[in-house]
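The values are calculated or read from the model by the stated rules, or taken from the named source; none is laboratory data. Please read all numbers here as calculations on a predicted model, not as lab measurements. All Cβ positions, even for glycine, are placed from backbone atoms using ideal geometry, and neighbour counts span all protein chains on display. Ligands, DNA and RNA are excluded from the accessible area calculation, which covers all protein heavy atoms including side chains. Shrake-Rupley method; radii C 1.70, N 1.55, O 1.52, S 1.80 Å.
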Amino acid sequence: MVRCGADVGEIVGSDRVEGVTFTNAATGARETLEVEGVVVRVGSRPNTEFLEDVLDLDASGRVVAGAEPAETSVPFVLAAGDVRAGSRPAVAAALADGEAAARRAMALLAGAPG
Ligand SMILES: Cc1cc2nc3c(=O)[nH]c(=O)nc-3n(C[C@H](O)[C@H](O)[C@H](O)COP(=O)(O)OP(=O)(O)OC[C@H]3O[C@@H](n4cnc5c(N)ncnc54)[C@H](O)[C@@H]3O)c2cc1C
C-alpha cells in the first residue's frame, strides 16, 4: 500500500511498533496506519553546497572526479565515496574509492606527476 503526501507525525505502540500516525497533506485529515515496523529513509542529497563555487559538481551536487586517480577540478583536492559523481552508493564502493584516493594522495605528496 502506497500513501502519497503523508506527513508522518508519530510512531505509536506500547512495547513494540503498532502503527504510525500521519496527516494527509491534501485533505489535512489525521490518520493512523497499523504497521509492525518502520524503516526511516533519510535521503541521499550530498552536503556540497559550500563547494558550488570551488569544485565542478554534477547536476545532483556530487563532485566530479575519477574513480582512480580521484582527482577533482582543483589540483590536490580528491573526492571519494558517495560524494563522488559516479561512485556506487555502497560501503564496499566507498572503501575502494577511499583506498584509491589515499594512494593518490601519497603519490601527490611524494611529487608523482599527474
Ligand atoms: C539508510 C541507508 C542505508 C544504507 N544501507 C547500506 C547497506 O546495507 N549496505 C551498503 O553497502 N551501503 C548502504 N548504504 C550506503 C552507505 O551507507 C554509503 O554508501 C557509505 O556510507 C558511503 O560512505 P562515505 O564515507 O562515502 O559517506 P558517509 O558514510 O555519508 O560519510 C560522510 C561523512 O562526512 C560527514 N560530513 C558531511 N558534510 C561534512 C562537512 N561539510 N564537513 C565535515 N564532515 C562532513 C558526514 O557527517 C559523514 O560522517 C546505506 C545508506 C543509507 C542512507
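Summary table
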quantity	calculated
Options S14, S87; residue that is of a type in the set (S, T, Y) and surrounded by fewer than 15 Cβ atoms within 10 Å (Cβ to Cβ)	S14
In segment 47-92, the residues that are farther than 29 Å from A112 by Cα and more than 8 Å from the ligand (Cβ to nearest atom)	E49, A59, S60, G61
Failed item, numbered, when R103 is tested on (1) near the ligand (Cβ under 8 Å from one of its atoms); (2) open to solvent by 30 Å² or more (accessible area, probe 1.4 Å); (3) of a type outside the set (A, V, I, L, M)	(1)
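For every residue, the table says whether it meets (1) more than 26 Å from the chain's Cα centre (by Cα); (2) surrounded by 11 or more Cβ atoms within 10 Å (Cβ to Cβ); (3) at pLDDT below 95.
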residue: T21; (1), (2), (3): yes, yes, no
residue: A26; (1), (2), (3): yes, no, yes
residue: E31; (1), (2), (3): yes, yes, yes
residue: V39; (1), (2), (3): no, no, yes
residue: V42; (1), (2), (3): no, no, yes
residue: P46; (1), (2), (3): no, yes, yes
residue: E52; (1), (2), (3): no, no, no
residue: D58; (1), (2), (3): no, yes, no
